[in-house]
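*Asks:* I'd like to ask you about the structure that follows.
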Amino acid sequence: MLGCPLPRLEARVLLEAASGRRREWLIAHGDEPADEPAAAAFESLARRRLGGEPIAYLVGAREFAGRRFATTPAVLVPRPDTETLVGFALAHAPARGRVLDLGTGSGAIAITLACERDDLRIVATDRSEAALAIARRNAEALCPRALETGRLELRAGDWWSCIGDGERFDLVASNPPYVADDDPHLREGDLRFEPRDALAAGADGLDALRAIVQGAAPHIAPDGWIALEHGYEQGAAVRALLAGRGWREVATRPDGAGRPRITCARPFL
Ligand SMILES: C[S@@+](CC[C@H](N)C(=O)[O-])C[C@H]1O[C@@H](n2cnc3c(N)ncnc32)[C@H](O)[C@@H]1O
């Protein structure tokens, strides 16, 4: 790794993937030269990383809430910010409740809930079949029984289109796309490699949040919750969307870095 311009931690993660060796082994043998295939694989990964490809895509996985999720360019790389949404869902889903995860991507939210709470029945949806294939792979690895028994169900469709008339949930969680179409960040760094459909949502970044709020009321139990992740500058706009439709107990909560990250509410009575 000597002379490699990558941050040390990134270089070590790529070296683990290139060599097939665990971190402990690499630390213990840090002064030995890598064999030729491992050196070549490392060089190729390092070059791609320097070109901006997310580490999670290069090594095929990302840790989320203490579990390792398979991660490919078909899905958003799960972010620590989203653990705030998971924490809210774990604390507010009632015993034996029904939970809906709209836009599940890798399945990070739904699968974490299924693993942490075996009393919950969970539906996870996405418009992208490719994303759902990754979510299925993760569920098979992390909570196979939930998938086999139907306690965790994966469905394809545009937001509420795959939810039946009269189907109601005790808690609806979503981390939808929320970046404005012309946000320059979409053309920079890691974001360039992630699916645009997972990131961009119209001129103000609120199209997906509007669609979700617009269709939500008939699908949430009267004493249920909706919890929506959004950009740290979108809290007021999301509260206005919900309050404008008569939702109650509308409040924005911070993520681990103290930035406004999720807005939660209960249906009007
Ligand atoms: C920001 S990603 C979140 C992925 C995952 N839930 C997470 O937190 O890591 C948003 C997800 O919404 C999905 N999506 C985008 N538009 C959609 C739509 N109209 N209907 C359903 N899913 C959609 C994308 O395919 C993507 O997987």
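*Asks:* Quick check: from the Cα gyration tensor, does segment 139-240 come out rounded (a/c under 1.5), prolate or oblate?
*Replies:* In terms of gyration-tensor shape, oblate.
*Asks:* What's the carbon and sulfur percent of segment 192-269's accessible surface, probe 1.4 angstrom, rounded to a whole number?
*Replies:* 53
*Asks:* Per residue, how many Å² of accessible area does segment 73-266 show with a 1.4 Å probe?
*Replies:* 43
*Asks:* Among 106, 128, 161, whose mean-square fluctuation peaks in a Gaussian network model of the chain (Cα, cutoff 10 Å)?
*Replies:* 161
*Asks:* So, in Å, what gap is there between the alpha-carbon centers of segment 237-255 and segment 1-79?
*Replies:* Cα centroid to Cα centroid, the span is 40 Å.
*Asks:* Among 101, 126, 158, which one shows the biggest mean-square fluctuation in a GNM of the chain, springs joining Cα atoms closer than 10 Å?
*Replies:* 158
*Asks:* Let me ask something else. What length, rounded to one decimal in nm, is gained on full extension from residue 155 through to residue 249, with 0.36 nm per residue of separation minus their alpha-carbon distance?
*Replies:* Gain on stretching residue 155 to residue 249: 30.9 nm.
*Asks:* Still on this structure, please answer the following. Sorting 36, 148, 229, 10 by accessible area (1.4 Å probe), largest first, what list results?
*Replies:* Solvent-accessible surface, decreasing: 36, 148, 10, 229.
*Asks:* Right, next: Using a 10 angstrom cutoff on alpha carbons, build the Gaussian network for the chain and name the most mobile of 23, 239, 62.
*Replies:* Highest fluctuation among the options: 23.
*Asks:* Okay, moving on. With the other protein chains left in place, how much accessible area per residue, in square angstrom, belongs to segment 8-51 at a 1.4 angstrom probe?
*Replies:* Per-residue value: 71 Å².
*Asks:* While we're on this one: Along the Cα→Cβ direction, 7 angstrom out, place labels at residue 165 and residue 29. What is the inter-label distance in nm?
*Replies:* Between residue 165 and residue 29, the label points sit 6.5 nm apart.
*Asks:* Relative contact order (percent) for segment 8-51, with alpha-carbon contacts under 8 angstrom and 6 or more residues of separation?
*Replies:* This gives 47 percent for segment 8-51.
*Asks:* Okay, moving on. Any chance you could list the semi-axes, whole Å, largest first, of the equivalent ellipsoid that the Cα gyration tensor gives for segment 73-266, using √(5λ)?
*Replies:* For segment 73-266, the ellipsoid semi-axes come out as 23, 21, 15 Å.
*Asks:* Taking the inverse of the average 1/r across all pairs of different Cα atoms in segment 8-51, what Kirkwood radius in Å do you get?
*Replies:* 10.4
*Asks:* At 1.4 Å probe size, with no ligands or nucleic acids counted, give the accessible surface of residue 92 in Å², nearest ten.
*Replies:* Around 60 Å² of this residue is reachable by solvent.
*Asks:* May I ask you to compute the full-extension gain from residue 96 to residue 185, defined as 0.36 nm times their residue separation minus their alpha-carbon distance, rounded to one decimal in nm?
*Replies:* Net length gain for the segment: 28.0 nm.
*Asks:* What is the gain in length, in nm to one decimal, between residue 53 and residue 118 on full extension, counting 0.36 nm per residue of separation less the C-alpha to C-alpha distance?
*Replies:* So the extension gain works out to 19.8 nm.
*Asks:* Would you compute, from DSSP H runs of 4+ residues alone, the mean residue ellipticity of the chain at 222 nm, taking -39500 (n - 2.57) per run and dividing by the full residue count, rounded to the nearest 500?
*Replies:* Value at 222 nm, helices only, nearest 500: -10500 deg cm²/dmol.
*Asks:* Counting DSSP beta bridges with both partners in the chain, what percentage is antiparallel, nearest 5?
*Replies:* Within the chain, antiparallel bridges account for around 40 percent of the total.
The values are calculated or read from the model by the stated rules, or taken from the named source; none is laboratory data. Worth saying up front: this structure is predicted, and the values here are computed from it rather than measured. Neighbour counts are summed over all protein chains in view; Cβ atoms, including those assigned to glycine, are modelled from backbone coordinates with ideal geometry. Accessible surface areas use protein heavy atoms only, side chains included; no ligands, DNA or RNA. Shrake-Rupley method; radii C 1.70, N 1.55, O 1.52, S 1.80 Å.
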